[in-house]
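Asker: Could you have a look at this structure, given as structure tokens, before my questions?
The values are calculated or read from the model by the stated rules, or taken from the named source; none is laboratory data. Quick caveat: nothing in here was measured; it's all calculated off a predicted structure. Positions of Cβ are backbone-derived with ideal geometry, glycine not excepted, and every protein chain shown enters the neighbour counts.
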Amino acid sequence: MNPRAFFALAVFASPVFALSTVQLKNGSSLQGDVLAEKADRVVVDLGFTVVTVPRDEIERITAREAAPSAVAETTDLYRTAANLPVLSVKENVDRVGEAVVLVRTPTGLGSGFIIHPSGYIITNEHVVSGEYNITVTQFRRGATELEKVQFSKVRIVALDSRIDLALLKIEDAGTTIFPTLPLGDDGLNDGQTVFAIGSPLGLDRTVSQGIVSARARPLDGQLYIQTTTQINPGNSGGPLFSLRGEVVGVNNMKAMEVGVEGLNFAIPAGVLKDFLRHRDAFAFDPRNPNAGYRYLEPPQPVKIPVKPAAPAAKP
């Protein structure tokens, strides 16, 4: 495994407080509990002291069996994580950025994020609805710049227009192991800091920050997270993060009226989990683009034209 691939896995999937071996580039090594992993350093508890090791001095980190509480929930398709450290937005972008992707179709573009190492991606239903030619672009950290890696064979696995969610699968990834994002819970607080990463108007890897204005806002029979985090066309389907690097929502709409600002909305992570757990109910059939449950419009009464009565004959 090359160091960059290992680094991606370590950042996105490594447990906190796991007994590990830190191999240094000078040939020596350290063994202890990894207390925190940040973009520029790793904090290791050696038992008798705590040391901070610069990231560029580390050759690799080999984790032993993780503590039972390191992963709170693991399913066949997504995971949640426990004990994730609270980091700044800048540190979080370094930690989670490679798992956020751009989703493009012939008629538009949106954002998405990877939830499974084999290439399963979440986005909005309206980003891919009615499309078959879908491409996904991942932004990987290179030595001096971001590297764009494009995948052009992308399959729609499931979609639900009612809650505006879609599950995609990259089919031409080969042996690539993708970084993934953990899903958070619905334990948000009003005023909590959140941030988004996406491609508004096609501007790659744009970061915006805000707060939770209302953690449960009812709109059209659904609950949404209302946030001041700026969401623009192209952000649709991208993740809304907490400062623990967990996906707490899927960005999908904003209020666009003259004089209205800071009214942006995201689908809660709990709704996303339900969609993934019951994805078979929303399985996409390419022979039937209308696959999935739809409410039918109620029948309307038929209006029967009534002819006016013939005028009475004049005497």
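Asker: The conditions are (1) touching a residue at least 40 places away in the same chain (Cβ under 8 Å); (2) in contact with a Lys or Arg (Cβ under 7 Å, 6 or more places away or on another chain), and Gln226 fails exactly one of them. Which is it?
Answerer: (1)
Asker: May I pose another question? Which one of these does His126 not meet: (1) part of a strand (DSSP E or B); (2) in contact (Cβ under 8 Å) with a residue 12 or more places away in the chain?
Answerer: Unmet condition: (1).
Asker: Now, a different point. Filter the stretch 246-272 down to residues that are crowded, with 18+ Cβ neighbours inside 10 Å and within 17 Å of the chain's Cα centre (by Cα), then give me how many there are.
Answerer: Number of matching residues: 16.
Residues checked against (1) within 14 Å of the chain's Cα centre (by Cα); (2) assigned to a strand (DSSP E or B); (3) modelled with pLDDT under 85:
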position: Gly27; (1), (2), (3): no, no, yes
position: Ala36; (1), (2), (3): no, yes, yes
position: Val43; (1), (2), (3): no, yes, yes
position: Ile61; (1), (2), (3): no, yes, yes
position: Ala82; (1), (2), (3): no, no, yes
position: Lys90; (1), (2), (3): no, no, no
position: Val96; (1), (2), (3): yes, no, no
position: Gly110; (1), (2), (3): yes, yes, no
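Asker: Let me ask something additional. Taking the options Val258, Val194, Val271, Val247, name whichever one is modelled with pLDDT of 95 or more and over 29 Å from Ser152 (Cα atoms).
Answerer: Val194
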